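Read the structure below first, then the notes.
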Amino acid sequence: MEDLKITIVDSYDRSLLEPIGRLLRQLTGSEKSFDEEQLRIIIRDMSCRLFVARSQGEVVGMFSLCTYSSPSMRKVWLEDVVVDSAARGRGIGRAMVAYAINFARQIAPCCLMLTSSPHRTEANALYRSMGFETKQTNVYKMDF
């Protein structure tokens with residue numbers, strides 16, 4: 001594996017705005033911008049931790065882990081997993097997911113969950129190969 005370094009974004013760093021915005025556009029296909037206020041909100045939210053992966057000092061991927069407790073169990077959601085299109089195929093996604101799994105193990109007992117669009121075939125294959133199982137459920141959403 002290359003010189004990959006995964007870190008928690010725990011303080012504001014203006015230089016992260018562009019790479020996070022670029023990664024979000026690749027993940028969502030949306031041209032939404034990512035700004036200082038959004039990054040500061042994420043940093044202050046202790047229930048959600050944002051991680052970036054750097055190779056040779058450049059941001060090449062990101063993911064977030066969001067934790068909450070409900071009456072049924074403590075849950076950790078792996079969200080917004082994305083590797084820059086120019087850096088794919090080098091094991092970065094696998095390294096990020098392994099890091100997330102190890103981080104969640106420190107929170108145990110919990111259930112680590114994620115969702116992934118069916119068209120993201122490579123991502124879905126990665127998750128299955130790392131031990132995630134498909135949960136038979138419907139996901140609903142309501143945007144405000």
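The values are calculated or read from the model by the stated rules, or taken from the named source; none is laboratory data. On a predicted model such as this, the values are computed, not experimentally measured, just so you know. Every residue, glycine as well, gets a Cβ built from its backbone with ideal geometry; the counts of neighbours run over all protein chains shown. Just so you know, the surface numbers come from the protein's heavy atoms only, side chains and all, with ligands and any DNA or RNA stripped out. Shrake-Rupley method; radii C 1.70, N 1.55, O 1.52, S 1.80 Å.
Restricting segment 118-134 to residues that are in a loop (DSSP other than H, G, I, E, B) and more than 19 Å from Asp80 (Cβ to Cβ), which is modelled with the lowest pLDDT?
Restricting attention to segment 118-134, the residues satisfying the condition of being in a loop (DSSP other than H, G, I, E, B) are 118-120, 130-134.
Of the ones still in play, those that are also more than 19 Å from Asp80 (Cβ to Cβ) are 131, 133-134.
On the way: Gly131: 96, Glu133: 95, Thr134: 92.
Among those that are in a loop (DSSP other than H, G, I, E, B) and more than 19 Å from Asp80 (Cβ to Cβ), it is Thr134.
Quick check on this structure: which one of Ile43, Ile20 is more than 16 Å from Leu78 (Cβ to Cβ), crowded, with 17+ Cβ neighbours inside 10 Å and free of Cβ contacts under 8 Å to residues at least 40 places away in the same chain?
On the way: Ile20 fails: free of Cβ contacts under 8 Å to residues at least 40 places away in the same chain.
It is Ile43.
Could you please let me know if Ile6 is under 15 Å from the mean Cα position of the chain (by Cα), modelled with pLDDT of 95 or more and part of a helix (DSSP H, G or I)? Step through it out loud before you land on a result.
Details: under 15 Å from the mean Cα position of the chain (by Cα): yes; modelled with pLDDT of 95 or more: yes; part of a helix (DSSP H, G or I): no.
Considered against the rule, which asks whether it is under 15 Å from the mean Cα position of the chain (by Cα), modelled with pLDDT of 95 or more and part of a helix (DSSP H, G or I), Ile6 comes out as no.
Right, Ala53: outside any strand (DSSP E or B), modelled with pLDDT of 95 or more, small (Gly, Ala, Ser) and buried (at least 17 other Cβ atoms within 10 Å of the Cβ) or not?
So Ala53 fails the test.
Looking at the structure I just gave you, is Ala86 free of Cβ contacts under 8 Å to residues at least 40 places away in the same chain and open to solvent by less than 70 Å² (accessible area, probe 1.4 Å)? Before you say what the answer is, go through the steps one by one.
Values: free of Cβ contacts under 8 Å to residues at least 40 places away in the same chain: yes; open to solvent by less than 70 Å² (accessible area, probe 1.4 Å): no.
When the stated conditions are applied, Ala86 does not pass them.
Within segment 28-40, how many residues turn out to be at pLDDT below 95 and open to solvent by less than 40 Å² (accessible area, probe 1.4 Å)?
Residues in segment 28-40 being at pLDDT below 95 and open to solvent by less than 40 Å² (accessible area, probe 1.4 Å): 2 in total.
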